[in-house]
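First up is the structure itself, then whatever we jot down about it.
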Amino acid sequence: MAASAVPWSADSRAPKPLLLWAIALAGVAAAACSIALAYTSDHLAEPGLRAALIDWITLPYILAGLVAWSRRPASRFGPLMIAAGFAMFLSSLQWANTDLPYTIGLAFDLLPAALFLHVFLAFPTGRLERRVAAIAVAYFSAVGLQLVKMLLGGVGPDNLLAVVTEPTAANTVQDVQLIALSAIALAGIALLATRRRGSAMPRRRAVALMVDSSALGLVMIAALLLAAAFEVTMFETIRRITFAVIGLAPVAFLVGLLDARLARSAIGDLLVELRTDPPPADLRDAFSRALRDPSLTLAYWLPRFESWVDLDGRPVELPAADSGRTATIIDREGAHPAALLHDGSLDDEPELLDAVSAAAEIALENGRLQAELRARLEELRGSRERVIEAGQNERQRLERILHDGAQQRLIALSLELSLLEERLGADTDARTRLDHARHEIALSLEELRDVARGLHPAVVTGHGLAVALESLAAQAALPVRLTVGLEGRVDDRLEVAAYYVVCESLVNIAKHAHATSATIELERTNGQLVVEVVDDGVGGADTEHGSGLRGLADRVEALGGRLRIWTPRDGGTRVRAEIPCA
Amino acid sequence: MRVAIAEDSVLLREGLARLLGDAGFEVVARCGDADELLLKVNSYSLDAVIVDIRLPPTHKDEGLRAALEIRARHPSVGVLVLSQYIEIGLAMKLLADSADGVGYLLKDRIGDVQEFVGAVRRVADGGSALDPKIVSTLLSRQRPNDPLERLTPREREVLELMATGSSNQGIADRLVITLRAVEKYVSSIFGKLGLPSTGSESRRVLAVLMFLRS
């Protein structure tokens, strides 16, 4: 496969399947553990619902994380989601009745919140870029301040970490912690909103779904944290809603992947569409549909200018890594004639990209071949025209040489002999021999005339088709009705071609048609010179053998025209030439 | 009789001039192209011109155009066109309106001095001279229910000569028959072909040609 997506590559850091399975198993175990803890807890109301909410987050995050990790090992997004899933489990340890797990659970109580912030803000690349500080603060608030709070004995009597009991200080720490986290969450929402609004290009549906669910998750996290900080009475309800919403993000992610799987069925449609050789703009739309990416741009490489241009010829830059856009370069035998510039999220679907770029490659190759074929045909037509014209010119030159040379000389010689004869007097023997010589000259002239005439019908170039056809019709071996609907002259080449069509047709009629009459029609209509010869003979003419008709077709086609022959058995023969005539 | 010659081959032009001079014509102009001929026709009073159909510069239809122009502007000047090919279409064009003082001969005919000089003289006199080959081609033209089949061989011979522009006397001399016999044949032919009998010999050339052409 020649296609390659820039940031995506079969990475050596790809997780081993065994590791993935182990993590999956651990995830299931963790989920089961949460349920067990909930039901055995001596301090938990509604254990079923709480466990369900925890696992609603744990399991999808771990699953989505595994899928993401295996698809894009280079991205941190997958491991991050897996971590969020397990963090959720860790926080459920606080349901334990024994002190150690209880303490651990409490220590990680807010870690999931920080991780969710991290996940949502890092989507889709898995990197934070300028938001690193904010997430560092989030982790510090979630874990560091939590430990401080626990040291101050802020979370109850069974906390193993409690060194002192300073409820007021602990409360202050908790307020700082919650407000900091919710502030970061709110900032995150603002960021997502700006990114969504600011993005000039429509995003892929799968991506948009994920971004929206992330934003919703952030809203709920902020609401939950603020509710906790200000001890709102509906806190429990808010927590349930928040958990439910946070669990949506990985579901959205998985739905997005499923969407992409479905998208691959669009490749079939794409191939069908490409078969009709669509113009470039339609080609872009077809790719855009197949990839479900309305932002897709088709770029062509111009070797002469060493730059990429879009369909309108405007230069385009290939997107930088981590810009959220990716270029998939269509490569063909080392040349890279085109590129698909698309949403970065498509890198998660290398198979889809491969399939589309393979189709693109076929389409471009097809287009190139067709262009080449057209060019060659044009070249061939041109060379055929030149060959015929060169032959025509040569014949015309030879005819001139005969006409102005040998024929004139013979005529002058015959004249000379006649003048000589006048002075011979009564020498009958000499007269007879002179007569004989003149007769020989006359025969030679006759033969020369036939040769010259066969070389080039000078009457056509000299006096036009109408005059030439009149002579042809008069000399034909059968009654011919001639209709000339042509005023004045047209191009020499056209006249000669039309003349030969009539000439050859009449010869064929005389030889094979057994016709009783024929018609010749010449007209100029719709920018075409049309000449048609029809006979009432036996038809069934052989259009393949004998070079006559083939040669005529060559002549006519070399001028961009076409020669058609209808020759049904017992139905006469119709030969029609149409030659473009400006 | 005063004649002018337009022929681009020097050899032929001089040969023609000598031949016509020997035959008693006064050759007042020997031209190498059509423009020169037209100039001469305007300046001299001529009885006839002899024009090669292919003349410089393009050797296409300069000669024919000059011939048609002279016929239009100087009806009194007979025009004899010489060509190396026989084109019925050209003959028809040349004789489109009348056969008075016009001729169209194959160049080969120059070799037969008597015939040729006779033709020049006929054209100069306002008669016509059509190459026998044109006439025979027209006569042999295929036509449905050919009325020519009703003619006797002798009548056919007379028709042929008549169509070339021969006068009744010319026909009589050629076929070695009396003038009276020729006249009888002519009226019989016109009757059989359903043609109205016409006065002048050149008018009847045109009538016969039109008949043969259709």
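Return the residues of the stretch A:538-582 that are among the hydrophobic types (A, V, I, L, M, F, W, C), in a loop (DSSP other than H, G, I, E, B) and under 39 Å from the mean Cα position of the chain (by Cα); say none if nothing qualifies.
Correct list: A:LEU559, A:CYS581, A:ALA582.
Which one is surrounded by the fewest Cβ atoms within 10 Å (Cβ to Cβ), of the residues in the stretch A:10-56 that are in a helix (DSSP H, G or I) and among the polar types (S, T, N, Q)?
Among those residues, the one meeting the criterion is A:THR40.
If a residue must be closer than 13 Å to B:GLY78 by Cα and assigned to a helix (DSSP H, G or I), how many such residues does the stretch B:119-150 contain?
6
Which numbered condition in (1) at the interface with chain A (Cβ under 10 Å from one of its Cβ atoms); (2) basic (Lys, Arg); (3) more than 24 Å from B:TYR185 (Cα to Cα) is the only one that B:ARG143 fails?
(3)
Could you check the stretch B:171-193 and list, in sequence order, the residues that are under 18 Å from B:LEU209 (Cβ atoms) and surrounded by fewer than 19 Cβ atoms within 10 Å (Cβ to Cβ)?
The answer is B:LYS192, B:LEU193.
Go through the stretch A:198-249 and give me each residue that's at pLDDT below 80 and either charged (D, E, K, R) or within 24 Å of A:SER92 (Cα to Cα) (or both).
A:ARG203, A:ARG204, A:ARG205
Among B:TYR44, B:TYR85, which is within 14 Å of another protein chain (Cβ to nearest Cβ) and of a type in the set (Phe, Trp, Tyr)?
B:TYR85
Which pairs do you get when a residue that is over 21 Å from A:VAL232 (Cβ atoms), found in the stretch A:166-194, comes within reach of a residue that is among the small types (Gly, Ala, Ser), reach meaning Cβ atoms under 6 angstrom, with the pair 6+ apart or on two chains?
A:LEU192/A:ALA215
Is it the case that the stretch A:450-469 has a residue that's within 24 Å of B:ALA23 (Cβ to Cβ) and either out of contact with any helix residue (DSSP H, G or I) (no Cβ under 8 Å at 6 or more places or on another chain) or touching a residue at least 12 places away in the same chain (Cβ under 8 Å) (or both)?
No, the stretch A:450-469 contains no residue that is within 24 Å of B:ALA23 (Cβ to Cβ) and either out of contact with any helix residue (DSSP H, G or I) (no Cβ under 8 Å at 6 or more places or on another chain) or touching a residue at least 12 places away in the same chain (Cβ under 8 Å) (or both).
Here are some conditions: (1) surrounded by fewer than 24 Cβ atoms within 10 Å (Cβ to Cβ); (2) within 14 Å of chain A (Cβ to nearest Cβ). B:PRO75 meets all but one. Which one does it not meet?
Result: B:PRO75 passes all but (2).
Could you list all residues from the stretch B:44-65 that are closer than 16 Å to B:ASP100 by Cα and outside any strand (DSSP E or B)?
Result: B:LEU46, B:ASP47.
Please report, ordered by residue number, the helices (runs of 4 or more DSSP H) entirely within the stretch A:406-522 with at least 1 residues that are within 20 Å of B:GLY89 (Cβ to Cβ) and more than 11 Å from chain B (Cβ to nearest Cβ).
A:428-455, A:492-508
Just one of (1) within 14 Å of another protein chain (Cβ to nearest Cβ); (2) surrounded by 24 or more Cβ atoms within 10 Å (Cβ to Cβ); (3) under 17 Å from B:GLY118 (Cα atoms) trips up B:LEU80, so point out which.
With respect to (1) within 14 Å of another protein chain (Cβ to nearest Cβ); (2) surrounded by 24 or more Cβ atoms within 10 Å (Cβ to Cβ); (3) under 17 Å from B:GLY118 (Cα atoms), B:LEU80 is out only on (1).
The values are calculated or read from the model by the stated rules, or taken from the named source; none is laboratory data. Computed from a predicted model, the values in this text were never measured in an experiment. Because the Cβ atoms are built from the backbone with ideal geometry, glycine has one as well, and the counts that use them run over all protein chains shown.
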